[in-house]
1. What does DSSP give for the chain in terms of the percent of beta bridges that are antiparallel, rounded to the nearest 5?
2. Quick one: order 276, 124, 378, 11 by neighbouring beta-carbon count within 10 Å, fewest to most.
3. Compare the peptides 59-68, 87-96 by average per-residue count of other Cβ atoms within 10 angstrom and give them in order, highest first.
4. Multiply the residue gap between residue 166 and residue 304 by 0.36 nm, knock off their C-alpha separation, and tell me the result in nm, one decimal place.
5. Mean residue ellipticity at 222 nm from the helices of the chain, using -39,500 (n - 2.57) per DSSP H segment of n ≥ 4 over the full residue count, to the nearest 500 deg cm²/dmol?
6. Which value, in debye to the nearest 20, describes the size of the charge dipole of the chain about its Cα centre when Lys and Arg Cβ atoms bear +1, Asp and Glu Cβ atoms bear -1, and nothing else is charged?
7. What Kirkwood radius, in Å to one decimal, follows from the Cα pairs of the chain?
8. Cα centroid distance between region 3-27 and region 112-169, in Å?
Amino acid sequence: MNHIIWYPGHDLILKDIVRAENCHLYDSTGKKFVDLESGVWCTSIGHGHPRIRKIISEQAALNSHSGFNYTNEVVEDSAREILALFGFAEGKCIFLCSGSESVEFGVRAAQTLSDRPLLMTMSDSYFGAYGSASQRMADEWFCFDWSPCADCPEETECNQECPYLASVPFDRIGGFLLEPGSSSGHVRFPPKKLIQKIVEIVRADDGFVLINEVTTGVGRTGKWFGYQHYDISPDIVALGKGIGNGYPVSVTIFAPEIANQLQTQPVKYAQSHQNDPLGAVVAREVVRVIREDKLIERSREIAAVLGTGLNKIKTGSKRVKDIRVRGLMAAVELEDDADNSFAIKIHRELINRGYIVGRRPGESMLRIDPSLTIDTRDIEGFIKVLSEILAGSA
Ligand SMILES: Cc1ncc(COP(=O)(O)O)c(C=O)c1O
């Protein structure tokens, strides 16, 4: 393992995973691990899904890549099926290769079409490894810290008389990029009234509403898309991770009106793999599997088991500070100590006992984001083992 550059700050935890099937990973000794992180939230319908394996081999045998000047009907057909999820029959989309890229393409489109200098976003969002949204330079972005809004009483109206919203330079903002649940951050969900108000103000000035659904999309939060919890409609949506089920495809989607504007003011963006047929059919097949197998409906039942179990754990352990759950996107906030040693210990013990959850370095939070196809017994097993570990650490 000396010749590969690994992500700094993240330990290489398991160095011998040789096989993956649905929600289980196996090492070379045959030891099984339940993957509650779904390969950094990518395997929406489980590792090695038979229909994805089949479509990849069929399409690869025909044509996986021929360059963006040489296409065929399968790409157009995949686009139509994905746009239909948003009701954008006359919209357009582009197939790309990573979540970072789909966000960046959406941002470039908004920047191209807007005559205002700034885009707005929440300060705890994550948008990718590169590009304008990841760097958020002050001359391009206004980042709003919504933490005071988290405690805003339900009955208080959200409006621009509130000092927090009054601080936003809406007259310079041409669009709002929302991550509807900060998955790479602290798994927090901004209040609905705040998001609706921001969208209303931005839209009133012909601004764009961009949604980053890289982690919250394709069923993660119990609905097809995370923005649906907010009763808002998007102009631009970025999909990644789960839309490829582990295959590196992402999609940026444009509502019809924006798609029309892009005809005369195109985004100048050339990339060798854009609109590759292989990625396009994988994305289409993921959507078909989720729809035909009713995986979102199924995931809500599993989420109820997960939520109930985690809340019980919180009630029973003083060392659990908070539980946050929306669909199959959950976080367990553990007691915070100076070096996160308690969280590190719990995380390690879970892995030793065969349960993989996410933990961000420097944090005392565990993240649980299993595939929609996970078996309830795996969730129950995880709850039991986590309870035992916490009881042993009381
Ligand atoms: C919310 C969110 N957006 C975008 C990205 C970037 O996706 P990718 O790593 O596929 O480029 C990530 C990655 O973790 C993410 O969590």
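1. 65 percent
2. 11, 124, 378, 276
3. Ranked from most to least packed, the peptides come out as 87-96, 59-68.
4. Values: separation 138, 0.36 × 138 = 49.68 nm, distance 3.82 nm.
Additional length available on full extension: 45.9 nm.
5. Only helices count here, giving -11000 deg cm²/dmol.
6. Details: 43 positive and 52 negative charges, 236 e Å.
That gives a dipole near 1140 debye.
7. For the chain, the Kirkwood estimate is 21.9 Å.
8. Answer, in whole Å: 35.
Since every read-out is calculated from the coordinates, none of them should be taken as a lab result. From a predicted model like this one, the values you see are computed outputs, not experimental measurements. Neighbour counts run over all protein chains shown; Cβ positions are idealised from the backbone, glycine included.
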